[in-house]
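Trainee: Submitted below is the structure of interest, expressed as structure tokens.
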Amino acid sequence: MAKAKAAPKRKAATGYKLAEHIPAGEILQDISKTKWKLGPSIGHGGFGEIYSAQDYSKGGSKYPFVIKIEPHENGPLFVEMHFYMRNARSSDIDQFKKDHNLKTFGMPIYYGSGSHEYKGVKYRFLVMEKFGADIWKKFLENNRIFPKSTVFKIAIQILDVLEYIHIKGYVHADIKGANILLAETKETQNKQVYLVDFGLATKYTTEPVFKPNPKKAHDGTIEYLSRDAHQGVVPTRRGDLEILAYNLIHWLGGSLPWDKKLSDPKIVQKSKEEFIDAISKSAKSCFGNKAPPGPLIDYLNYLKTLDFNSTPDYKKIRKIFLSGIDSNDKLDAPLKFSETMKPGAKRKSREVSPLKSKSPIVRMAERTGMRSSKNVDYTNGDQATDSENSDIISGSEDELPTVKPSKRGRTKNDVSVTENGAIENADTATPIKSSKGRKRTQKVVQENGDAEKTVKGENVKKRNRNGKATNKEDEKVEEDDGMQGWTQAMRDIALKKKERQDKKPVSTRCRVK
């Protein structure tokens with residue numbers, strides 16, 4: 001009898017092996033003999049699985065740490081683990097905070113690491129503090145834009161971390177929203193972000209000559225990759241700052257010129273070189289009709305002056321970022337990820353990225369002026385949805401419309417937009433009296449989105465789901481005693497009234513108005 005084939009080992013999208021799931025309660029011992037108890041799995045990283053964890057000696061019901069676990073043969077966690085061991089000791093981080101007068105600091109602290117064997121397979125693990133949601137998730141929840149002041153506050157916090165690791169001789173090389181997490185402690189919640197995932201961290205070059213290496217070209221997240229990394233040069237400090245710049249453009253609501261060219265790294269590289277060569281013009285193209293923030297232009301122009309082996313002027317960059325913070329905001333105030341409006345203020349329409357086309361549903365919503373404050377949960381960075389372009393169209397076919405009196409005493413019915421884009425009137429077509437006493441009906445839009453014209457003296461044509469007239473006789477215009485422009489429902493009421501009046505004696509008969 002043939003032996004049953006073993007199940008294939010799981011692999012990440014990157015090609016690395018994924019760790020087999022380890023049940024909660026497993027005890028891991030790090031290289032300093034500290035024991036850690038695994039809690040429930042909280043997700044997968046690019047190269048392994050991430051678990052909640054607690055110090056086994058303290059016990060309790062809380063799991064304030066996370067443990068990243070990867071198969072021993074994987075490389076990224078090995079790199080990250082050794083980076084933390086050398087550069088993330090609490091004593092070093094505290095000293096940097098003291099030297100720079102920082103109350104909070106977004107560099108994660110190293111708590112432990114080691115190897116663990118489970119079911120005959122050897123794994124490597126790293127213990128870290130538990131953080132909150134990542135910035136990319138917040139970005140998507142807020143319709144792909146952050147308030148300007150928040151963007152530059154985050155930029156300053158990331159700059160602090162970059163200065164710290166640059167002093168240590170390293171660069172991060174993979175700065176992006178998914179690698180920036182919100183703090184969860186009482187002192188730092190909603191105030192501080194942390195830069196994580198040092199799997200691509202490496203020593204920056206100190207060579208006097210710029211030496212491209214085609215074998216290492218285009219290594220990193222293609223959208224934000226620096227020009228140096230595109231050429232395969234050992235990562236540079238100016239490269240980290242350039243990657244941050246491309247993130248800032250995204251967070252400010254702009255679009256990167258190479259967004260639609262990501263499948264070809266060489267074209268992306270050329271596009272970035274052209275972008276830096278003409279910064280003012282390039283930055284304007286990222287924001288459509290909206291002017292790019294001045295501090296962003298100043299920052300990009302400063303980056304252009306750096307050589308590949310230059311030591312950045314962190315104080316100068318910090319001043320540039322500080323100039324982008326609103327006067328009514330403070331550096332240590334909580335981060336606001338959505339704009340807050342004053343009572344009675346109207347929401348300003350945001351320029352839609354040229355990559356995001358508007359659908360008929362969105363265009364119809366814009367014509368009716370209907371918007372809502374619901375958020376969108378995006379699962380990827382692909383093309384924009386109707387919800388993204390229109391801040392979610394409000395209303396549904398189950399909602400009851402309200403009647404609002406105008407200043408002149410006229411009444412008209414609100415319309416609601418259904419989920420399929422149809423606009424429904426409250427009473428199909430209730431007459432609206434103008435200031436001159438004329439009668440008219442509102443346009444009715446069926447489920448196919450076609451608007452039906454109504455003019456004086458014509459009845460509204462009934463249409464079925466296919467948009468065709470249900471009865472040709474319904475198209476005839478009845479011109480009885482001042483009933484022009486009335487809807488079928490109102491004509492029926494008037495005719496019944498007239499019939500009642502016709503039955504009365506002539507002496508008491510009233511004229512139909």
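Trainee: Would you work out the relative contact order for the range 130-216, in percent, from Cα pairs under 8 angstrom that are 6 or more residues apart? Spell out each step's value before the answer.
Mentor: Working: 87 pairs, mean separation 29.2, N = 87.
It comes to 34 percent, rounded to a whole number.
Trainee: Give me the distance in nm between label points sitting 7 Å out from Cα along the Cα-to-Cβ direction at PHE210 and HIS82, one decimal.
Mentor: Between PHE210 and HIS82, the label points sit 2.9 nm apart.
Trainee: In addition: What list of ³J(HN,Hα) values in whole Hz, one per residue of the range 179-189 in order, does the Karplus curve 6.51 cos²θ - 1.76 cosθ + 1.60 (θ = phi - 60°) give from phi, with Gly and Pro shown as x?
Mentor: Ordered by residue, 3J(HN,Hα) equals 9, 10, 10, 7, 6, 10, 6, 4, 6, 10, 4 Hz.
Trainee: Here is the link list: LYS37/LYS130; LYS122/LYS168; LYS216/LYS316; LYS137/LYS191. Which ones come out longer than 23 Å on Cα distance?
Mentor: Beyond 23 Å: LYS122/LYS168; LYS216/LYS316.
Trainee: What distance in nm lies between label points placed 7 Å from Cα along the C-beta direction at ASP277 and LYS304?
Mentor: 1.2 nm
Trainee: Roughly what would the spin-label model give for ASP313 and LEU262, points 7 Å off Cα along C-beta, in nm?
Mentor: 3.5 nm
Trainee: Taking Cα centroids, how far is the range 27-77 from the range 106-150 in Å?
Mentor: Taking the Cα centre of each part, the range 27-77 and the range 106-150 sit 12 Å apart.
Trainee: When the dipole is taken about the Cα centre of the range 131-341, and only Lys, Arg (+1) and Asp, Glu (-1) are charged at their Cβ, what size is it in debye, to the nearest 20?
Mentor: Around 280 debye, computed over the range 131-341.
Trainee: Residue by residue, what Karplus-based ³J(HN,Hα) values in Hz, rounded to whole numbers, does the range 63-75 have, using 6.51, -1.76 and 1.60 with θ = phi - 60° and x for Gly and Pro?
Mentor: So the J values, rounded to whole Hz, are 10, x, 10, 10, 10, 8, 10, 9, x, 4, 7, 5, x.
Trainee: Let me ask something additional. Rounded, prolate or oblate for the range 78-155? Axes are the square roots of the Cα gyration tensor eigenvalues, ordered a ≥ b ≥ c, and the cut-off for rounded is a/c under 1.5.
Mentor: oblate
Trainee: Rounded if a/c is under 1.5, else prolate if a/b is larger than b/c, else oblate: which is the range 36-89, with a ≥ b ≥ c the root eigenvalues of its Cα gyration tensor?
Mentor: Taking the square roots of the gyration eigenvalues as a ≥ b ≥ c, the range 36-89 is oblate.
Trainee: Moving to a separate point now. Taking a virtual spin label 7 Å from the Cα of LYS330 along the C-beta vector, which residues in the range 87-109 bring their backbone nitrogen under 17 Å of it?
Mentor: Once the point is set 7 Å along Cα→Cβ of LYS330, 102-105 turn out to lie under 17 Å by backbone N, inside the range 87-109.
Taken together, the values in this text are just the output of simple stated rules run on the coordinates, not laboratory data. Please read these numbers as outputs of a predicted model, since none were measured by experiment. Using ideal geometry, Cβ is built from the backbone for each residue, glycine included, and neighbour counts are taken over all protein chains shown.
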